[in-house]
Every structure is written in C-alpha cells, then in structure tokens.
Amino acid sequence: MSDEGDRPATLLATAGRRKEWTRGIVNPPVWHASTILFDDVAALRAAGRNPDAGLYYGRRGTPTQWALAEALTQLEPGAAGTVLHSSGAQAVATALLAVLAPGDELLMVDTAYEPTRAVCGGILKKIGIVTRYYDPLLNADAVAALFGPNTKAVFLESPGSLTFEVQDVPGIAAKARAAGIVSLIDNTWATSLLLPAISLGVDISITALTKYVGGHSDLMMGATTARAGFFETVRKTSQGLGQVVGPDDAALCLRGLRTMELRLRAHEAGALKVARWLGGRAEVGVVLHPALPSCPGHDLWARDFRGSSGLFSFSLKQADDAGRTRFIDGLRHFGIGYSWGGYESLALPIDPRPIRTARPWTTEGAFVRLHIGLEDADDLIADLEAGFARIAG
Ligand SMILES: *Cc1c(COP(=O)(O)O)cnc(C)c1O
C-alpha cells in the first residue's frame, strides 16, 4: 500500500493497488462490465445516490479504471481526485466545459496545444464563452492585469507547445486564486513527477496520458486531476457527457505508469545530450529546451521543475522547407508522426507562425521538434549529424 510520505518512484510501484481491488494479485484485474448486478432493490437504490459507492454501472468504471485514477491522484500532492478521459484532447475540452459558462471569458496561453485552441474557437465559442489569448512570456502581474469582470479561468501550458516557453506557474496560479479565477494547466510535458502543479497552486492539472504515462505509443487517454471542489465539478461534467475509458486501455496505461520515472530519467538524459550537442553545431540557430539557458523562461524552469523530459525544438539556420524536409526524411532512428512520449524517437517539421495570435512568432529558421526516445543518444546524434549533410541538397 502507498503512504503519503513515499517518494514518487516508490509511489509508482504501489499507487492504486488497493487490496480490495487486487485481491492479492499484483495488478488490478481487467474487468469488462456494462451491467452490474445488485443483491436487491435497496442495494441498487443506495448505490445510485453515491458516486463513490463502488460498482454501479459500467460507465462509472470498475476497479480497473479506479486503480489508474487513484494512482494518478496519489502522484499529485494536494489533489482530491482524477477523472479519466478517452484522450488528452477530451480531458482539455471537459475541464474547460466544467468550469466555464456562457458569458464567461477564458484567458488562454498563446502557446497552447493546437487542438486546445480548436476547442476554444469551436465548442466554447458556440456556447458564448470568449477566449482571449495571452503572451506566454508575461509575468504573473501582467497576466493578472488582464483579468476582467468576466474572466473565470486562466489556462497555462508550460512549457508551451512547439516552442517551450516556461511560465510562472505558481505566480499566475496565486494571482488567479486571489481574484477568484480558476487556474488550469496542460501538464503533459512534465507530468506530475516533474511539475507537481496542484501543490504549486494550480486548481486543475490535465495530462495527456497518451504521452509519457502510456509511454509506448499504443493507447490514447487523458486525465484531469484536481483539488477538492473542482474534481467533483469535472467528474459531474464528464459523467454528463457520458465519458468512460475501456478497461483494457486503463490496464495498459497503468502498466506504463509503473515505469514512468525510470523512462522519464532516460528521456531526460538522452534529450539533454542531443540538445547540448545541437547547441554546439554551426547548422543550428536556436535550441528551445527548458533546461538550456537559451530557452525563454529557463530560470522559471530551474525554480519550479524537478527535471526535463524528452521533447524540444531547434532551428536549422540555413535551411528552407525543402532542406528541412531532406534533413528529416533521411533520418534512420526518428519516426515522422504526431504525438510523442513513447520509447521511440520522433522528428516533426513545425511552424509556429500561423498559430500565434497574442505574440507573433518572429524567430528565423526552419524549426524541427524532436522527441528523444530510449535509444542510445550517440546513435541519434550520428543520425542527426548525417542529416546536416543532406540540407544543402
Ligand atoms: C498530445 C497532447 C494533448 C492531447 O492528447 P491526445 O491524447 O493526443 O488527445 C494535449 N496536450 C498536449 C500538450 C499534448 O502534447
């Protein structure tokens, strides 16, 4: 059993393994269920009144899903509970729908994951929720200066998608709290292991489990972990929307979680080695990795984070799109595709310019986002070095 004082690596081995769920088997059973049968009408009625009563109907889950949700809660100090969603994008949409109502304003960081922007400009806009984008480099006072009479929520993503600006997470969360505004963070890059967001003052922490928690590029899932009050609101919204995750994916995700600390440390070491090597190359313009001083917000990263993960970007100084394409297409060890967080390395051409609205992206160069997997970093470096020779064509 887990204990509040246990360190993260220990918690990863023990979390969610309640004896009443596992019955002594190491892992919780994979229980497929729609109908749950009750002993009598009284038991059926009693369970219906209490969302925490246990088995009720398949949509409320079984110990398979509960074990994963409880493990994620135990890894996030200060959290009251976790809601599981069928993807990270669904987690973002559900959390926003839970805390916002027509007429409210949402402050959204300009570096948000693109599908998050799509939720704001789509569903939220349709029901009369206004999104105002803010510059990721604003300090907490400047973000607070944007709070208006209708502002109900402020959304952070730190580091930012594609360009990795680090925000003042505790500072902005404290300003929001003082103003009665809900703070939410997309914490997918760091996970609660590298950034315990709720203990830093954030109300709702969202993780795309698809990435480092699953860790093997074979499942889609998301989680919303929140403090008391917000957890119940998100759960109610999620249940109202009829959301549930399948038991097979929940079990797969829990299996990934057990090794997450170990994997994150390997991703971190590999990514730092590759990023530092890129930083010393004449072909490279800028390396955007929160653990390197060249990354905007690096000082905040050093203050608040317990480490870095495997995803970062860099620019090719001389390359146009064709040169960048030749560079990426010939890589042997980097797959070309969306998502990240698996054991394998990925490379993606990126262009932040058309996405930004609050702070134009003006940095020159053709950008590439890398996810550094668990391969030997020296093999990855050799692969990238060979790529530089292809740029000129
Ligand atoms: C991938 C990702 C998501 C969405 O997760 P899915 O499971 O792919 O829907 C949300 N936020 C960030 C930062 C991501 O990288």
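The values are calculated or read from the model by the stated rules, or taken from the named source; none is laboratory data. What you see is a predicted model, and the numbers here were worked out from it, not measured in a lab. Cβ: placed from backbone, ideal geometry, glycine included. Neighbour counts: every protein chain shown. Each accessible area value is taken on the protein alone, full model and side chains, heavy atoms only, with ligands, DNA and RNA left out. Shrake-Rupley method; radii C 1.70, N 1.55, O 1.52, S 1.80 Å.
Taking R117 as the residue in question, decide whether it is among the basic types (K, R) and within 16 Å of the ligand (Cβ to nearest atom).
Criteria met by R117.
Identify, by number, the condition in (1) among the hydrophobic types (A, V, I, L, M, F, W, C); (2) touching a Ser or Thr at 6+ places or on another chain (Cβ under 8 Å); (3) without any contact (Cβ under 8 Å) to a residue 12 or more places away in the chain that A145 doesn't meet.
Tallying (1) among the hydrophobic types (A, V, I, L, M, F, W, C); (2) touching a Ser or Thr at 6+ places or on another chain (Cβ under 8 Å); (3) without any contact (Cβ under 8 Å) to a residue 12 or more places away in the chain, A145 fails exactly one: (2).
Could you run through region 307-341 and say how many residues are more than 25 Å from the chain's Cα centre (by Cα) and among the polar types (S, T, N, Q)?
Counting residues in region 307-341 that are more than 25 Å from the chain's Cα centre (by Cα) and among the polar types (S, T, N, Q) gives 2.
Only one of R303, R332 is basic (K, R), out of contact with any Gly (no Cβ under 7 Å at 6 or more places or on another chain) and either within 17 Å of L272 (Cβ to Cβ) or not in a helix (DSSP H, G or I) (or both); which?
That would be R332, the only listed residue that is basic (K, R), out of contact with any Gly (no Cβ under 7 Å at 6 or more places or on another chain) and either within 17 Å of L272 (Cβ to Cβ) or not in a helix (DSSP H, G or I) (or both).
Collect the residues in region 189-217 that are within 16 Å of the ligand (Cβ to nearest atom) and open to solvent by 10 Å² or more (accessible area, probe 1.4 Å), keeping them in residue-number order.
W189, S192, L193, L194, T207, A208, T210, K211, H216, S217
Looking at (1) open to solvent by 70 Å² or more (accessible area, probe 1.4 Å); (2) without any contact (Cβ under 8 Å) to a residue 40 or more places away in the chain; (3) not β-branched (V, I, T), which is the only condition P29 fails?
All conditions are met except number (1).
Taking region 318-332 only, how many residues are closer than 18 Å to I381 by Cβ and free of Cβ contacts under 8 Å to residues at least 60 places away in the same chain?
3
Does G58 satisfy the criteria of being away from the ligand (no atom under 15 Å from the Cβ), touching a residue at least 60 places away in the same chain (Cβ under 8 Å) and touching a strand residue (DSSP E or B) at 6+ places or on another chain (Cβ under 9 Å)?
Taking the combined requirement at face value, the residue does not satisfy it.
Would you tally the residues in region 340-357 being at pLDDT below 95 and of a type in the set (G, A, S)?
Total satisfying the criteria: 0.
Considering only residues that are touching a strand residue (DSSP E or B) at 6+ places or on another chain (Cβ under 8 Å) and not in a helix (DSSP H, G or I), look in region 121-134 and name the one that is farthest from the ligand (Cβ to nearest atom).
Here the residue is V130.
Could you list, in sequence order, all residues of region 76-95 that are away from the ligand (no atom under 15 Å from the Cβ) and open to solvent by 20 Å² or more (accessible area, probe 1.4 Å)?
Within region 76-95, P77, G78, A79, A80 meet the criteria.
Looking only at region 112-120, decide whether some residue is part of a loop (DSSP other than H, G, I, E, B) and in contact (Cβ under 8 Å) with a residue 60 or more places away in the chain.
yes
Any chance region 284-305 includes a residue that's farther than 20 Å from E261 by Cα, modelled with pLDDT of 95 or more and of a type in the set (S, T, N, Q)?
Scanning region 284-305, I find no residue that is farther than 20 Å from E261 by Cα, modelled with pLDDT of 95 or more and of a type in the set (S, T, N, Q), so the answer is no.
Is there a residue in region 228-241 that is within 15 Å of the chain's Cα centre (by Cα), open to solvent by less than 10 Å² (accessible area, probe 1.4 Å) and modelled with pLDDT of 95 or more?
No; the residues of region 228-241 include none that is within 15 Å of the chain's Cα centre (by Cα), open to solvent by less than 10 Å² (accessible area, probe 1.4 Å) and modelled with pLDDT of 95 or more.
If you scan region 335-365, which residues turn out to be in a loop (DSSP other than H, G, I, E, B), more than 15 Å from the ligand (Cβ to nearest atom) and either touching a residue at least 40 places away in the same chain (Cβ under 8 Å) or among the hydrophobic types (A, V, I, L, M, F, W, C) (or both)?
I336, Y343, E344, R356, T357, A358, R359, W361, T363, E364, G365
Output the residues belonging to region 366-393 that are open to solvent by less than 30 Å² (accessible area, probe 1.4 Å) and in a loop (DSSP other than H, G, I, E, B).
Within region 366-393, I372, G373 meet the criteria.
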